[in-house]
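Presented below is the structure to which this report refers.
Computed from the coordinates by the stated procedures, all read-outs in this text should not be read as laboratory data. Keep in mind the model is a prediction, meaning the values are calculated, not measured. Every residue, glycine among them, receives a Cβ derived from its backbone with ideal geometry; neighbour counts consider all protein chains shown.
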Amino acid sequence: MSVSRPPIAPPTSSASAIPTHGVGALTPSSDQIVVLYVIVAMAVIIFGFWNVPVVRNFINPLKLFTIGWHELCHISAAILSGGRILKITIDPHVGGATIVEGGLPGFVLASGYIGSTLLGGAFVLAGWDTLVAKVLSFVLGVGLVLPLVLVRDKLTIVLTVCYEAMLIGFWFVDHGQALRWYCLFVGVMNILFVVWDVADDKFFHKTNDSDATQFAILYPMISAHVWATFWILFQLVCLGGFAVLGIFAFKLTQEEMDTQAAGFLPTK
């Protein structure tokens, strides 16, 4: 009696697919390489917009969102550590400031840059995936409006309406793909906040000191330049970390992202 064996299946194309683990998972696809280049370009553009007179006014709504979140982190840390809020300032020109009585000074001060880094990292991840961008667009939509409670500048109010309209409009551009770049821009602005904060101190001598300067006042044995360098390196490392996480976690093609995102409030 002869024993028949099942035929051996030929190798499938999955052998050449993108690995989902190991070193291969950290190799960026062509689409992901574009995101990396865009992050660098956006950092340069934001530095220019933040520091060039007159031009800097046109990003006031995004600056208010960034500064507002930064100050909210100080406020939260102060309350959690038993402090009391005496005064809050959120202004696109003179910067933000939270005057606190009591609490843990080091914890309250560090929470600002750390909070900006975490929120910025979340928005950076949105640059890698349309669905994440859709979800975070609601955070951005609310966050753009809230600072207006403390702002009465007419130009800023008009620009905020324009940025909100742009945010809504991007939902309908290329299946929501445009939201990725909007959120990525906001992410880079937040995760590198210390750069803009220190630049405001250096070039515009703003009324409210940067947190790096405040650290030097709190811990005078270390100069403000050293604190600024430390926090800049911290945020750059975190930006790199979130980029690696984006490469690892989001391996979808644009078509796959469109299909995935279509399951959450489809626009087409």
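Taking all Cα-Cα distances within segment 144-213, those exceeding 19 Å account for 56%. For segment 199-238, the square roots a ≥ b ≥ c of the C-alpha gyration tensor eigenvalues yield an a/c of 1.5 or more together with a/b not exceeding b/c, which makes the shape oblate. How tilted is helix 177-191 with respect to the longest principal axis of the chain? Cα atoms for both, answer in degrees (0 to 90, nearest 10). Helix 177-191 and the main axis of the chain meet at about 40 degrees. Taking other Cβ atoms within 10 Å as a rough exposure proxy, Arg56, Arg152, Arg84 sort from fewest to most as Arg152, Arg84, Arg56. Nearest 10 degrees is fine. How inclined is helix 130-145 to the longest principal axis of the chain, computing both from alpha carbons? Once rounded, one gets 20 degrees. Partner aspartates and glutamates whose Cα lies under 14 Å from the Cα of Lys202, excluding those fewer than 8 positions away in the same chain, are identified as Asp211. For the chain, the alpha-carbon coordinates run over 92, 44, 35 Å along the three principal axes, in decreasing order.
Each Cα pair under 8 Å and six or more residues apart adds its separation to the average, and for segment 174-249 the resulting relative contact order is 28 percent. The percentage of C-alpha pairs in segment 23-99 whose separation is greater than 17 Å is 62%.
A helix-only calculation puts the chain at -20000 deg cm²/dmol for mean residue ellipticity at 222 nm, using -39500 (n - 2.57) for each DSSP H run of at least four residues, averaged over all residues.
Against the main long axis of the alpha-carbon atoms of the chain, helix 224-249 sits at an angle near 20°. Each eigenvalue of the Cα gyration tensor of segment 71-119, multiplied by 5 and square-rooted, gives one semi-axis; in descending order these are 17, 14, 7 Å.
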